[in-house]
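The values are calculated or read from the model by the stated rules, or taken from the named source; none is laboratory data. Since the structure is predicted, the reported quantities are computational estimates derived from the model, not experimental observations. Ideal geometry is used to build each Cβ from the backbone, glycine not excepted, and the neighbour counts take in all protein chains shown. These accessible areas exclude ligands, DNA and RNA; they are computed on the full protein's heavy atoms, side chains included. Shrake-Rupley method; radii C 1.70, N 1.55, O 1.52, S 1.80 Å.
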Amino acid sequence: MASFKENLFKKIEIDRLANRVLTTLGPSGSGKKADLGAMQRLLSMGPYEHQKVRDMDLYLHSEDSEKKTILVLDNELPFYHTTVDDVALRKSPTIKEMISIRNAVKILNDKDVVTSKRDTSVEIVRKACIQQLDLSYEDSDINAIATDGKAALDAGDSEGVTGALTLFEELLGYVTPDRGFQVKGFRITGKLTEEENAVLRLGPIVIYDATNSKLMLSETSIRSTDKNKSERLEKTATGDRKADREGWAVFEYLEEKALRGSYEPLA
């Protein structure tokens, strides 16, 4: 059985793949190609069985006893509620099949059997993948993430530190902000909220210097309208301005926040 940590990493990868597909979806009919490779990897993490039918890649929901929940892997990502044979007729008909007037009507209009497309289909698959994961946890699971992060920080293991931070960021809803809140050479994440007039506020802020194995946290928020926000961030990152917490204390802060919070994986 997979651990909470393993399942949380899987959830993060599911979200990453889903978002990658969504960013490549242009307007319907635009001809812009979706990242079908990422979509295929996403489907492989969920309850879907692959079938190659004619020139199509079909994905059938394995928990559907009637085998009528079918996604076609193409730029529109349509979900059908019908049979595999009917999808084959509508999406990749033979010349013999097209001769039939009844079939021609089906080929020209599939609204009666298509249940979703594009971004809606991606979200359906994303949720189906996540629902397979056991994301329940005990305090000991959170403690273990913090312990791993501290050990990695002491060892100068940047991959281990980044992994622990990634898990806490998922639990706490921290994100990587846009370039206006970044300092070159540092990994910066935090809680991003939108205030009135589209003003963004970042805080708390986690800053990681992988080169020097230095981890910092600022509890003071910075707004997108602050004229000196870049200077403040850079001074904290480079050590010219003392951070509120450093080293192990950062992981202890994140651990405490996670233990007090309530993780909602499908939010």
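Return the only residue of Gly180, Gly173, Gly185 being in contact (Cβ under 8 Å) with a residue 12 or more places away in the chain, at positive phi and more than 21 Å from the chain's Cα centre (by Cα).
The match here is Gly185.
Any residue that is under 33 Å from the mean Cα position of the chain (by Cα) and either part of a helix (DSSP H, G or I) or surrounded by fewer than 14 Cβ atoms within 10 Å (Cβ to Cβ) (or both) - is there at least one of those in region 90-100? Spell out how you get there, then give the answer.
Here is the first cut: in region 90-100, the residues under 33 Å from the mean Cα position of the chain (by Cα) are 90-92.
Still in the running and either part of a helix (DSSP H, G or I) or surrounded by fewer than 14 Cβ atoms within 10 Å (Cβ to Cβ) (or both): 90-91.
Yes, region 90-100 contains a residue that is under 33 Å from the mean Cα position of the chain (by Cα) and either part of a helix (DSSP H, G or I) or surrounded by fewer than 14 Cβ atoms within 10 Å (Cβ to Cβ) (or both).
Being outside any strand (DSSP E or B), in contact with a helix residue (DSSP H, G or I) (Cβ under 8 Å, 6 or more places away or on another chain) and closer than 22 Å to Pro27 by Cα is the filter here, so list the residues in region 114-138 that pass it.
Matches in region 114-138: Asp119, Val122, Glu123, Val125, Arg126.
Out of Glu231, Glu246, Glu255, Glu170, which single residue is surrounded by fewer than 16 Cβ atoms within 10 Å (Cβ to Cβ), at pLDDT 95 or above and charged (D, E, K, R)? Step through it out loud before you land on a result.
Numbers: Glu231 fails: at pLDDT 95 or above; Glu255 fails: surrounded by fewer than 16 Cβ atoms within 10 Å (Cβ to Cβ); Glu170 fails: surrounded by fewer than 16 Cβ atoms within 10 Å (Cβ to Cβ).
Of the residues listed, the single one that is surrounded by fewer than 16 Cβ atoms within 10 Å (Cβ to Cβ), at pLDDT 95 or above and charged (D, E, K, R) is Glu246.
So which residues in region 48-71 are surrounded by 17 or more Cβ atoms within 10 Å (Cβ to Cβ) and in contact with a helix residue (DSSP H, G or I) (Cβ under 6 Å, 6 or more places away or on another chain), if there are any at all?
Across region 48-71, the qualifying residues are Tyr59, Ile70.
Those residues that are in contact with a helix residue (DSSP H, G or I) (Cβ under 8 Å, 6 or more places away or on another chain), farther than 19 Å from Glu159 by Cα and in a strand (DSSP E or B), I need them from region 201-233; list them, please.
Leu202, Pro204, Ile205, Ser218, Ile222, Arg223
If you scan region 101-141, which residues turn out to be open to solvent by 80 Å² or more (accessible area, probe 1.4 Å) and under 17 Å from Leu73 (Cα atoms)?
Scanning region 101-141 gives Thr115, Lys117, Asp119.
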